[in-house]
Amino acid sequence: MIQHLNELVDVLKKYNISPNDFVISSSSAMAARDICDNHDIDLVLFEKDRKRIIDQFRLKPLGTGTFDLSEHVQVCVEKYSRYGISDVQLLNDDKLMKFDDYRIIPLELELCRIIDEDREKDAIRIRMIEQYINEGGEFDFEKFRSYMDFLNQSRNFKERLKFWLKYNNPKRSGIISFALALSLKIKGHVRKNTFMPSKSLFPRLTLTIPPGDLLLTQGGNDIYDRLDILVNYYSIMQYDENDDETFYLSKKKDIKRTGIWQPERYTSLIKNIKKEGYSLQYPILIDSHGRLIDGGHRLAAALYFGVDIVSVRIISKEKKISFGEDWFLRNGFSKEEINSVKNIAGIDCALKNGICTVALAFGYSAEYWNDIRADIEKHGKIIEYGILDLRDELKSFLDEIYSIDAMDNWKIIFKYNLLKKYEHSVMYVIFKSPDGRIREREDGMAINNYVVRLKADIRNKYAVRIGDYCRYSDTVVHMGDNPYSNKKIIQAIRKREKFKR
(Lines give C-alpha, C1' and ligand atoms only; values in the text may rest on other atoms or scores of the structure.)
Protein backbone atom coordinates (compact mmCIF):
# COMPACT_ATOMS: atom_id res chain seq x y z
CA MET A 1 0.00 0.00 0.00
CA ILE A 2 1.34 3.42 -0.97
CA GLN A 3 1.98 5.74 1.95
CA HIS A 4 1.09 9.49 1.93
CA LEU A 5 -1.87 9.07 -0.44
CA ASN A 6 -3.88 11.71 1.45
CA GLU A 7 -1.00 14.10 1.01
CA LEU A 8 -0.95 13.29 -2.72
CA VAL A 9 -4.67 14.10 -3.01
CA ASP A 10 -4.09 17.50 -1.42
CA VAL A 11 -1.13 18.16 -3.73
CA LEU A 12 -3.11 17.32 -6.85
CA LYS A 13 -5.87 19.67 -5.78
CA LYS A 14 -3.49 22.51 -4.85
CA TYR A 15 -1.50 22.38 -8.10
CA ASN A 16 -4.48 21.52 -10.35
CA ILE A 17 -3.04 18.21 -11.58
CA SER A 18 -5.37 15.53 -12.97
CA PRO A 19 -4.67 11.75 -12.82
CA ASN A 20 -4.02 11.75 -16.59
CA ASP A 21 -1.22 14.30 -16.20
CA PHE A 22 1.23 12.20 -14.19
CA VAL A 23 2.70 8.75 -13.54
CA ILE A 24 3.80 7.52 -10.10
CA SER A 25 7.40 6.23 -10.12
CA SER A 26 10.22 4.87 -7.92
CA SER A 27 9.47 3.03 -4.66
CA SER A 28 5.80 4.03 -4.78
CA ALA A 29 5.39 1.82 -7.85
CA MET A 30 6.66 -1.14 -5.77
CA ALA A 31 4.49 -0.19 -2.79
CA ALA A 32 1.45 -0.25 -5.09
CA ARG A 33 2.29 -3.91 -5.77
CA ASP A 34 2.80 -4.62 -2.04
CA ILE A 35 6.49 -5.35 -2.61
CA CYS A 36 7.89 -2.83 -0.13
CA ASP A 37 7.07 0.42 1.64
CA ASN A 38 7.67 3.85 0.15
CA HIS A 39 8.91 6.92 2.02
CA ASP A 40 8.04 9.47 -0.67
CA ILE A 41 5.89 9.70 -3.78
CA ASP A 42 7.73 10.60 -6.99
CA LEU A 43 5.72 11.91 -9.92
CA VAL A 44 6.54 12.17 -13.61
CA LEU A 45 4.80 15.22 -15.17
CA PHE A 46 4.46 16.66 -18.65
CA GLU A 47 6.98 19.43 -19.28
CA LYS A 48 4.25 22.03 -19.73
CA ASP A 49 2.82 21.18 -16.31
CA ARG A 50 6.26 21.31 -14.69
CA LYS A 51 6.89 24.77 -16.11
CA ARG A 52 3.44 25.98 -15.15
CA ILE A 53 3.82 24.88 -11.53
CA ILE A 54 7.37 26.22 -11.19
CA ASP A 55 6.39 29.63 -12.60
CA GLN A 56 3.07 29.95 -10.81
CA PHE A 57 4.30 28.87 -7.37
CA ARG A 58 7.88 30.13 -7.73
CA LEU A 59 9.46 26.79 -6.94
CA LYS A 60 13.20 26.22 -7.26
CA PRO A 61 14.21 22.92 -8.87
CA LEU A 62 17.47 21.12 -8.09
CA GLY A 63 20.15 20.69 -10.74
CA THR A 64 18.52 17.42 -11.83
CA GLY A 65 15.21 19.21 -12.38
CA THR A 66 13.62 17.57 -9.33
CA PHE A 67 11.46 19.75 -7.07
CA ASP A 68 9.18 19.24 -4.07
CA LEU A 69 5.42 19.71 -4.15
CA SER A 70 5.06 18.89 -0.45
CA GLU A 71 7.00 17.14 2.31
CA HIS A 72 6.57 13.67 0.79
CA VAL A 73 5.59 14.37 -2.82
CA GLN A 74 8.09 15.46 -5.45
CA VAL A 75 8.49 15.70 -9.22
CA CYS A 76 11.37 13.88 -10.93
CA VAL A 77 12.65 14.55 -14.44
CA GLU A 78 13.84 12.03 -17.07
CA LYS A 79 14.59 9.41 -14.46
CA TYR A 80 14.33 6.55 -16.95
CA SER A 81 15.78 7.99 -20.14
CA ARG A 82 19.02 5.99 -19.57
CA TYR A 83 16.94 2.89 -20.27
CA GLY A 84 15.33 4.19 -23.46
CA ILE A 85 12.10 5.54 -21.94
CA SER A 86 11.51 9.30 -21.84
CA ASP A 87 8.99 11.10 -19.63
CA VAL A 88 6.84 11.78 -22.69
CA GLN A 89 6.74 8.07 -23.59
CA LEU A 90 5.70 7.19 -20.06
CA LEU A 91 3.01 9.84 -19.89
CA ASN A 92 1.54 8.86 -23.26
CA ASP A 93 1.40 5.16 -22.41
CA ASP A 94 -2.27 4.33 -21.82
CA LYS A 95 -1.51 0.68 -20.96
CA LEU A 96 0.27 1.32 -17.67
CA MET A 97 -0.89 -0.53 -14.58
CA LYS A 98 -3.14 1.55 -12.33
CA PHE A 99 -3.37 1.87 -8.57
CA ASP A 100 -6.83 3.27 -7.84
CA ASP A 101 -7.02 5.93 -10.57
CA TYR A 102 -3.29 6.61 -10.65
CA ARG A 103 -0.93 5.19 -13.26
CA ILE A 104 2.32 3.64 -12.07
CA ILE A 105 5.51 2.85 -13.97
CA PRO A 106 6.35 -0.72 -15.07
CA LEU A 107 8.16 -2.81 -12.46
CA GLU A 108 10.63 -3.91 -15.15
CA LEU A 109 11.70 -0.28 -15.62
CA GLU A 110 12.03 0.39 -11.90
CA LEU A 111 14.14 -2.76 -11.40
CA CYS A 112 16.46 -1.64 -14.21
CA ARG A 113 16.93 1.70 -12.44
CA ILE A 114 17.65 0.04 -9.08
CA ILE A 115 20.27 -2.25 -10.60
CA ASP A 116 21.82 0.63 -12.53
CA GLU A 117 22.14 2.88 -9.47
CA ASP A 118 23.71 -0.04 -7.56
CA ARG A 119 23.16 1.27 -4.05
CA GLU A 120 23.81 -1.13 -1.19
CA LYS A 121 20.39 -0.54 0.36
CA ASP A 122 18.70 -1.59 -2.87
CA ALA A 123 19.99 -5.17 -2.51
CA ILE A 124 17.04 -5.76 -0.18
CA ARG A 125 14.59 -4.32 -2.72
CA ILE A 126 15.98 -6.57 -5.43
CA ARG A 127 15.42 -9.51 -3.12
CA MET A 128 11.82 -8.37 -2.54
CA ILE A 129 11.19 -8.07 -6.28
CA GLU A 130 12.64 -11.55 -6.76
CA GLN A 131 10.22 -12.88 -4.15
CA TYR A 132 7.32 -11.06 -5.84
CA ILE A 133 8.20 -12.70 -9.18
CA ASN A 134 8.68 -16.15 -7.64
CA GLU A 135 5.23 -15.94 -6.07
CA GLY A 136 3.60 -15.28 -9.43
CA GLY A 137 3.72 -11.49 -9.64
CA GLU A 138 3.45 -10.08 -13.15
CA PHE A 139 6.84 -9.43 -14.72
CA ASP A 140 7.78 -9.24 -18.42
CA PHE A 141 11.36 -10.48 -18.88
CA GLU A 142 11.36 -9.47 -22.55
CA LYS A 143 10.54 -5.88 -21.62
CA PHE A 144 13.14 -5.92 -18.84
CA ARG A 145 15.76 -7.30 -21.23
CA SER A 146 15.04 -4.52 -23.73
CA TYR A 147 15.66 -1.87 -21.04
CA MET A 148 18.89 -3.57 -19.99
CA ASP A 149 19.93 -3.87 -23.64
CA PHE A 150 19.49 -0.13 -24.14
CA LEU A 151 21.49 0.64 -21.00
CA ASN A 152 24.31 -1.72 -21.99
CA GLN A 153 24.59 -0.35 -25.52
CA SER A 154 24.90 3.18 -24.15
CA ARG A 155 27.89 2.19 -22.00
CA ASN A 156 31.48 1.59 -22.96
CA PHE A 157 33.02 -1.82 -22.31
CA LYS A 158 34.64 -0.85 -19.00
CA GLU A 159 31.34 0.42 -17.57
CA ARG A 160 29.47 -2.65 -18.81
CA LEU A 161 31.98 -5.10 -17.35
CA LYS A 162 31.94 -3.29 -14.01
CA PHE A 163 28.15 -3.27 -14.02
CA TRP A 164 27.75 -6.99 -14.67
CA LEU A 165 30.40 -8.01 -12.15
CA LYS A 166 28.73 -5.92 -9.45
CA TYR A 167 25.30 -7.20 -10.41
CA ASN A 168 26.43 -10.82 -10.13
CA ASN A 169 28.58 -10.48 -7.02
CA PRO A 170 27.76 -13.64 -4.99
CA LYS A 171 28.79 -11.91 -1.74
CA ARG A 172 26.13 -9.26 -2.04
CA SER A 173 23.09 -10.26 -0.03
CA GLY A 174 19.99 -11.13 -1.97
CA ILE A 175 21.34 -10.66 -5.49
CA ILE A 176 22.88 -14.01 -6.36
CA SER A 177 19.70 -16.05 -6.87
CA PHE A 178 18.04 -13.33 -8.92
CA ALA A 179 21.17 -12.93 -11.04
CA LEU A 180 21.19 -16.64 -11.76
CA ALA A 181 17.53 -16.61 -12.71
CA LEU A 182 18.05 -13.69 -15.05
CA SER A 183 21.12 -15.28 -16.64
CA LEU A 184 19.21 -18.51 -17.22
CA LYS A 185 16.36 -16.60 -18.83
CA ILE A 186 18.67 -14.76 -21.23
CA LYS A 187 20.63 -17.96 -21.88
CA GLY A 188 17.36 -19.63 -22.85
CA HIS A 189 16.76 -17.01 -25.52
CA VAL A 190 20.35 -17.36 -26.70
CA ARG A 191 19.96 -21.12 -27.01
CA LYS A 192 16.65 -20.78 -28.87
CA ASN A 193 18.23 -18.11 -31.06
CA THR A 194 15.46 -15.65 -30.21
CA PHE A 195 17.71 -13.28 -28.28
CA MET A 196 19.93 -11.54 -30.82
CA PRO A 197 21.69 -8.42 -29.54
CA SER A 198 23.04 -5.93 -32.05
CA LYS A 199 26.37 -6.83 -33.68
CA SER A 200 28.06 -3.97 -31.88
CA LEU A 201 26.90 -5.42 -28.57
CA PHE A 202 27.72 -9.08 -29.30
CA PRO A 203 31.48 -9.03 -28.54
CA ARG A 204 30.96 -7.17 -25.29
CA LEU A 205 27.88 -8.81 -23.76
CA THR A 206 28.92 -10.58 -20.55
CA LEU A 207 26.50 -12.80 -18.62
CA THR A 208 26.80 -15.28 -15.77
CA ILE A 209 25.62 -18.87 -15.54
CA PRO A 210 26.19 -21.87 -13.24
CA PRO A 211 28.96 -24.02 -14.80
CA GLY A 212 26.76 -27.12 -14.61
CA ASP A 213 24.10 -25.42 -16.73
CA LEU A 214 26.73 -24.34 -19.23
CA LEU A 215 27.98 -27.91 -19.57
CA LEU A 216 24.45 -29.21 -20.14
CA THR A 217 23.84 -26.51 -22.75
CA GLN A 218 26.52 -28.02 -24.98
CA GLY A 219 24.58 -31.21 -25.64
CA GLY A 220 21.22 -30.28 -24.20
CA ASN A 221 20.72 -33.61 -22.47
CA ASP A 222 23.92 -35.36 -21.43
CA ILE A 223 27.20 -34.12 -19.95
CA TYR A 224 29.04 -36.74 -22.02
CA ASP A 225 28.24 -34.86 -25.25
CA ARG A 226 31.32 -32.78 -24.39
CA LEU A 227 33.57 -35.54 -23.11
CA ASP A 228 36.61 -33.29 -23.70
CA ILE A 229 35.51 -31.13 -20.74
CA LEU A 230 35.38 -34.21 -18.52
CA VAL A 231 38.83 -35.31 -19.74
CA ASN A 232 40.12 -31.89 -18.63
CA TYR A 233 38.23 -32.36 -15.35
CA TYR A 234 39.82 -35.80 -14.88
CA SER A 235 43.32 -34.35 -15.34
CA ILE A 236 42.67 -31.52 -12.88
CA MET A 237 41.31 -34.06 -10.42
CA GLN A 238 44.44 -36.25 -10.75
CA TYR A 239 46.76 -33.29 -10.33
CA ASP A 240 44.91 -31.93 -7.29
CA GLU A 241 44.53 -35.26 -5.51
CA ASN A 242 47.74 -37.03 -6.50
CA ASP A 243 50.10 -34.24 -7.57
CA ASP A 244 50.21 -35.93 -10.97
CA GLU A 245 51.47 -33.53 -13.64
CA THR A 246 51.54 -36.07 -16.48
CA PHE A 247 47.94 -35.26 -17.55
CA TYR A 248 48.11 -38.37 -19.75
CA LEU A 249 44.57 -38.30 -21.19
CA SER A 250 44.51 -34.53 -21.68
CA LYS A 251 47.87 -34.64 -23.42
CA LYS A 252 46.60 -37.35 -25.74
CA LYS A 253 43.40 -35.39 -26.43
CA ASP A 254 45.10 -32.02 -27.03
CA ILE A 255 47.72 -33.44 -29.41
CA LYS A 256 45.03 -35.24 -31.43
CA ARG A 257 42.92 -32.09 -31.49
CA THR A 258 45.46 -29.30 -32.10
CA GLY A 259 48.88 -30.93 -32.32
CA ILE A 260 50.06 -28.83 -29.36
CA TRP A 261 50.55 -29.83 -25.72
CA GLN A 262 50.71 -27.05 -23.13
CA PRO A 263 50.63 -28.56 -19.61
CA GLU A 264 51.07 -25.09 -18.07
CA ARG A 265 47.49 -24.30 -19.16
CA TYR A 266 46.41 -26.78 -16.49
CA THR A 267 48.99 -26.17 -13.77
CA SER A 268 48.86 -22.36 -13.83
CA LEU A 269 45.06 -22.34 -13.93
CA ILE A 270 44.78 -24.74 -10.98
CA LYS A 271 47.36 -22.87 -8.90
CA ASN A 272 45.75 -19.49 -9.58
CA ILE A 273 42.28 -20.69 -8.62
CA LYS A 274 43.55 -22.35 -5.44
CA LYS A 275 45.40 -19.18 -4.49
CA GLU A 276 43.07 -16.39 -5.67
CA GLY A 277 39.75 -18.14 -6.25
CA TYR A 278 37.85 -18.34 -9.54
CA SER A 279 37.81 -14.97 -11.33
CA LEU A 280 34.83 -13.68 -13.32
CA GLN A 281 37.07 -11.22 -15.14
CA TYR A 282 38.00 -13.76 -17.83
CA PRO A 283 34.76 -14.86 -19.52
CA ILE A 284 34.31 -18.17 -21.29
CA LEU A 285 33.45 -17.55 -24.95
CA ILE A 286 30.20 -18.97 -26.36
CA ASP A 287 28.33 -18.54 -29.63
CA SER A 288 24.79 -17.21 -30.09
CA HIS A 289 23.38 -20.67 -29.29
CA GLY A 290 25.31 -21.00 -26.04
CA ARG A 291 27.86 -23.44 -27.49
CA LEU A 292 31.39 -23.31 -26.13
CA ILE A 293 33.98 -21.69 -28.42
CA ASP A 294 36.91 -21.14 -26.06
CA GLY A 295 37.42 -21.74 -22.36
CA GLY A 296 37.13 -25.49 -21.97
CA HIS A 297 39.95 -25.57 -19.42
CA ARG A 298 38.36 -22.77 -17.35
CA LEU A 299 34.97 -24.49 -17.44
CA ALA A 300 36.50 -27.81 -16.32
CA ALA A 301 38.30 -26.04 -13.45
CA ALA A 302 35.13 -24.21 -12.40
CA LEU A 303 33.26 -27.52 -12.37
CA TYR A 304 36.00 -29.25 -10.39
CA PHE A 305 36.32 -26.53 -7.76
CA GLY A 306 32.53 -26.24 -7.46
CA VAL A 307 32.13 -22.52 -8.15
CA ASP A 308 28.56 -21.20 -8.26
CA ILE A 309 28.79 -19.08 -11.40
CA VAL A 310 31.11 -18.42 -14.33
CA SER A 311 31.07 -15.42 -16.66
CA VAL A 312 30.44 -15.99 -20.35
CA ARG A 313 30.72 -13.68 -23.32
CA ILE A 314 28.67 -14.08 -26.49
CA ILE A 315 30.63 -13.57 -29.70
CA SER A 316 29.00 -13.23 -33.08
CA LYS A 317 30.39 -16.26 -34.88
CA GLU A 318 28.79 -19.68 -34.53
CA LYS A 319 30.78 -22.86 -34.06
CA LYS A 320 29.53 -26.39 -33.59
CA ILE A 321 32.06 -28.69 -31.96
CA SER A 322 31.54 -32.41 -31.48
CA PHE A 323 33.59 -34.09 -28.78
CA GLY A 324 31.37 -36.95 -27.74
CA GLU A 325 32.42 -40.54 -27.18
CA ASP A 326 32.62 -41.23 -30.95
CA TRP A 327 35.36 -38.62 -31.43
CA PHE A 328 37.52 -40.20 -28.71
CA LEU A 329 37.02 -43.72 -30.08
CA ARG A 330 37.99 -42.53 -33.57
CA ASN A 331 41.13 -40.88 -32.18
CA GLY A 332 42.71 -43.80 -30.38
CA PHE A 333 41.09 -43.72 -26.94
CA SER A 334 40.15 -47.10 -25.52
CA LYS A 335 36.74 -47.95 -24.12
CA GLU A 336 38.41 -48.46 -20.73
CA GLU A 337 39.87 -44.94 -20.79
CA ILE A 338 36.51 -43.43 -21.71
CA ASN A 339 34.74 -45.40 -18.97
CA SER A 340 37.32 -44.23 -16.41
CA VAL A 341 36.56 -40.62 -17.32
CA LYS A 342 32.80 -41.23 -17.17
CA ASN A 343 32.77 -43.22 -13.93
CA ILE A 344 35.33 -41.14 -12.02
CA ALA A 345 35.25 -37.60 -13.40
CA GLY A 346 31.63 -37.78 -14.61
CA ILE A 347 30.15 -38.86 -11.27
CA ASP A 348 32.37 -36.50 -9.26
CA CYS A 349 31.42 -33.61 -11.56
CA ALA A 350 27.71 -34.46 -11.36
CA LEU A 351 27.73 -34.53 -7.55
CA LYS A 352 29.76 -31.34 -7.16
CA ASN A 353 27.65 -29.36 -9.60
CA GLY A 354 24.17 -30.79 -9.19
CA ILE A 355 24.12 -32.33 -12.67
CA CYS A 356 21.83 -34.97 -11.23
CA THR A 357 18.61 -34.87 -9.24
CA VAL A 358 18.25 -35.07 -5.47
CA ALA A 359 15.02 -36.41 -4.01
CA LEU A 360 14.29 -35.90 -0.30
CA ALA A 361 11.57 -37.96 1.39
CA PHE A 362 10.53 -36.76 4.84
CA GLY A 363 9.54 -38.64 7.97
CA TYR A 364 5.88 -38.14 7.09
CA SER A 365 6.23 -40.75 4.34
CA ALA A 366 8.80 -42.99 6.11
CA GLU A 367 6.74 -46.18 5.82
CA TYR A 368 6.85 -45.82 2.02
CA TRP A 369 10.52 -44.87 1.60
CA ASN A 370 11.50 -48.18 -0.02
CA ASP A 371 8.59 -47.86 -2.45
CA ILE A 372 9.51 -44.24 -3.27
CA ARG A 373 13.12 -45.22 -3.91
CA ALA A 374 11.94 -48.04 -6.20
CA ASP A 375 9.72 -45.60 -8.10
CA ILE A 376 12.66 -43.22 -8.59
CA GLU A 377 14.91 -46.07 -9.77
CA LYS A 378 12.45 -46.76 -12.60
CA HIS A 379 13.18 -43.27 -13.91
CA GLY A 380 16.95 -42.99 -13.54
CA LYS A 381 20.12 -44.65 -12.33
CA ILE A 382 20.68 -44.10 -8.59
CA ILE A 383 24.11 -42.61 -7.88
CA GLU A 384 23.84 -42.42 -4.09
CA TYR A 385 21.29 -43.22 -1.39
CA GLY A 386 21.18 -42.61 2.35
CA ILE A 387 19.16 -41.68 5.43
CA LEU A 388 19.95 -38.74 7.70
CA ASP A 389 18.76 -39.00 11.30
CA LEU A 390 18.57 -35.24 11.82
CA ARG A 391 17.05 -35.13 15.33
CA ASP A 392 17.16 -31.43 16.32
CA GLU A 393 18.68 -30.42 12.96
CA LEU A 394 15.44 -30.83 11.00
CA LYS A 395 14.49 -27.14 11.14
CA SER A 396 17.95 -25.91 10.09
CA PHE A 397 18.00 -28.46 7.26
CA LEU A 398 14.61 -27.26 5.98
CA ASP A 399 15.78 -23.64 6.23
CA GLU A 400 18.81 -24.45 4.12
CA ILE A 401 17.18 -26.46 1.34
CA TYR A 402 14.14 -24.21 0.89
CA SER A 403 16.04 -20.93 1.05
CA ILE A 404 17.62 -22.07 -2.25
CA ASP A 405 14.20 -21.52 -3.85
CA ALA A 406 13.71 -18.19 -2.04
CA MET A 407 10.78 -19.60 -0.06
CA ASP A 408 9.36 -17.19 2.50
CA ASN A 409 10.41 -17.96 6.07
CA TRP A 410 6.81 -18.28 7.26
CA LYS A 411 6.22 -21.03 4.66
CA ILE A 412 9.27 -22.95 5.91
CA ILE A 413 7.99 -22.64 9.49
CA PHE A 414 4.59 -23.86 8.32
CA LYS A 415 6.18 -26.93 6.69
CA TYR A 416 8.33 -27.61 9.77
CA ASN A 417 5.26 -27.54 12.03
CA LEU A 418 3.67 -30.18 9.81
CA LEU A 419 6.77 -32.40 9.77
CA LYS A 420 7.96 -32.10 13.37
CA LYS A 421 5.19 -34.47 14.51
CA TYR A 422 6.85 -37.28 12.55
CA GLU A 423 10.24 -38.97 12.59
CA HIS A 424 13.00 -36.36 12.20
CA SER A 425 14.78 -38.36 9.51
CA VAL A 426 15.15 -37.72 5.80
CA MET A 427 15.84 -40.20 3.03
CA TYR A 428 17.86 -38.80 0.14
CA VAL A 429 18.21 -40.37 -3.30
CA ILE A 430 20.64 -38.87 -5.82
CA PHE A 431 19.88 -40.12 -9.32
CA LYS A 432 20.54 -39.37 -12.97
CA SER A 433 17.42 -38.08 -14.67
CA PRO A 434 16.88 -39.55 -18.16
CA ASP A 435 16.17 -36.01 -19.38
CA GLY A 436 18.63 -33.46 -18.00
CA ARG A 437 17.49 -30.55 -20.14
CA ILE A 438 16.89 -27.30 -18.30
CA ARG A 439 14.07 -25.04 -19.41
CA GLU A 440 12.93 -21.62 -18.23
CA ARG A 441 9.64 -20.84 -16.55
CA GLU A 442 7.85 -17.66 -17.49
CA ASP A 443 9.44 -15.91 -14.48
CA GLY A 444 12.93 -16.86 -15.71
CA MET A 445 13.70 -19.52 -13.10
CA ALA A 446 15.49 -22.62 -14.39
CA ILE A 447 13.51 -25.82 -14.19
CA ASN A 448 13.63 -29.47 -15.33
CA ASN A 449 10.11 -30.35 -16.43
CA TYR A 450 10.77 -34.09 -16.30
CA VAL A 451 11.68 -33.85 -12.62
CA VAL A 452 8.67 -31.62 -11.89
CA ARG A 453 6.34 -34.24 -13.37
CA LEU A 454 8.06 -37.10 -11.51
CA LYS A 455 7.83 -35.21 -8.23
CA ALA A 456 4.11 -34.53 -8.76
CA ASP A 457 3.43 -38.20 -9.64
CA ILE A 458 5.14 -39.47 -6.46
CA ARG A 459 3.34 -36.92 -4.28
CA ASN A 460 -0.05 -37.82 -5.75
CA LYS A 461 0.60 -41.54 -5.44
CA TYR A 462 1.47 -41.53 -1.73
CA ALA A 463 -0.56 -38.57 -0.47
CA VAL A 464 -3.78 -40.58 -0.82
CA ARG A 465 -2.30 -43.41 1.28
CA ILE A 466 -1.28 -41.24 4.22
CA GLY A 467 -3.63 -39.26 6.44
CA ASP A 468 -3.19 -35.64 7.50
CA TYR A 469 -1.77 -34.60 4.11
CA CYS A 470 -1.53 -30.89 3.36
CA ARG A 471 -1.41 -30.30 -0.40
CA TYR A 472 -0.59 -26.62 0.10
CA SER A 473 2.72 -27.49 1.75
CA ASP A 474 3.81 -30.90 0.54
CA THR A 475 5.33 -33.24 3.12
CA VAL A 476 5.96 -36.36 0.99
CA VAL A 477 8.96 -35.59 -1.23
CA HIS A 478 11.06 -32.65 -2.45
CA MET A 479 13.28 -32.62 -5.54
CA GLY A 480 15.78 -30.12 -6.94
CA ASP A 481 14.54 -28.52 -10.16
CA ASN A 482 17.89 -27.50 -11.67
CA PRO A 483 21.66 -28.02 -11.23
CA TYR A 484 22.14 -25.04 -8.90
CA SER A 485 19.34 -26.22 -6.59
CA ASN A 486 20.60 -29.83 -6.57
CA LYS A 487 24.15 -28.68 -5.92
CA LYS A 488 23.09 -26.74 -2.83
CA ILE A 489 20.95 -29.63 -1.55
CA ILE A 490 23.92 -32.00 -1.90
CA GLN A 491 26.08 -29.52 0.01
CA ALA A 492 23.46 -29.43 2.79
CA ILE A 493 23.55 -33.24 2.94
CA ARG A 494 27.37 -33.33 3.02
CA LYS A 495 27.41 -30.94 5.97
CA ARG A 496 25.37 -33.47 7.93
CA GLU A 497 27.31 -36.65 7.16
CA LYS A 498 27.59 -37.36 10.89
CA PHE A 499 23.81 -37.94 10.98
CA LYS A 500 23.91 -40.63 8.27
CA ARG A 501 22.65 -44.04 9.38
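Some notes on this structure:
- In this structure the amide hydrogen of Thr208, modeled in the peptide plane, comes within under 5 Å of the amide hydrogens of Val312, none closer than 5 places in sequence on its chain.
- Coupling constants for region 71-76 follow from the phi torsions by the Karplus curve (6.51 cos²θ - 1.76 cosθ + 1.60, θ = phi - 60°), and in residue order they are 4, 10, 10, 9, 10, 10 Hz; glycine and proline get x.
- Under-5 Å amide H pairs with Ser425, H placed in peptide plane, nonlocal only: Gly363, Leu390
- Across region 323-440, the mean sequence separation of Cα contacts (distance under 8 Å, 6 or more residues apart), normalised by length, yields a relative contact order of 41 percent.
- Shape of region 227-346, Cα gyration tensor, a/c cut at 1.5: oblate
- About the centre of its Cα atoms, region 283-418 shows a dipole size close to 640 debye [charges on the beta carbon of Lys, Arg (+1) and Asp, Glu (-1) only; nearest 20 debye].
- Taking 7 Å steps out from each Cα toward its Cβ at Ser279 and Asp93 produces label points 4.0 nm apart.
- Charge-dipole axis of region 1-138 as Lys and Arg at +1 and Asp and Glu at -1 on Cβ define it, positive-most pick from Tyr83, Gly63, Leu5: Gly63
- For region 1-100, the solvent-accessible area of protein heavy atoms averages 54 Å² per residue (probe radius 1.4 Å; ligands and nucleic acids excluded).
- By definition, a body whose alpha carbon gyration tensor gives a ≥ b ≥ c is oblate when a/c is 1.5 or more and a/b is not larger than b/c, and region 312-411 fits this oblate description.
- Spin-label pair Ser18/Lys271, simplified geometry with 7 Å Cα→Cβ offset, distance in nm: 7.5
- Region 408-433 versus region 56-122: alpha-carbon centroid distance in Å: 44
- Listed residue pairs exceeding 29 Å between alpha carbons, taken from Lys275/Lys381; Lys252/Lys352; Lys275/Lys395; Lys432/Lys500; Lys14/Lys79: Lys275/Lys381; Lys275/Lys395
- Probe 1.4 Å - accessible area at Met97, Å² to nearest ten: 80
- Taking all protein chains together, Lys253, Lys432, Lys395, Lys495 sort by accessible area into Lys495, Lys432, Lys395, Lys253, largest first [probe 1.4 Å].
- Order of exposure, largest accessible area first, which applies to Met148, Met128 with probe 1.4 Å: Met128, Met148
- Amide hydrogen neighbours beyond the local backbone of Gly480, cut-off 5 Å, H modeled: Val358
- Accessible-area value, Lys342, 1.4 Å probe, nucleic acids and ligands omitted, Å²: 40
- Classified by the C-alpha gyration tensor, region 1-122 has a rounded form. Its axis ratio a/c, with a ≥ b ≥ c, is below 1.5.
The values are calculated or read from the model by the stated rules, or taken from the named source; none is laboratory data. Keep in mind it's a predicted model, so treat the numbers as computed, not measured. Using ideal geometry, Cβ is built from the backbone for each residue, glycine included, and neighbour counts are taken over all protein chains shown. The area values use the complete protein model at the heavy-atom level, side chains included, leaving out ligands, DNA and RNA. Shrake-Rupley method; radii C 1.70, N 1.55, O 1.52, S 1.80 Å.
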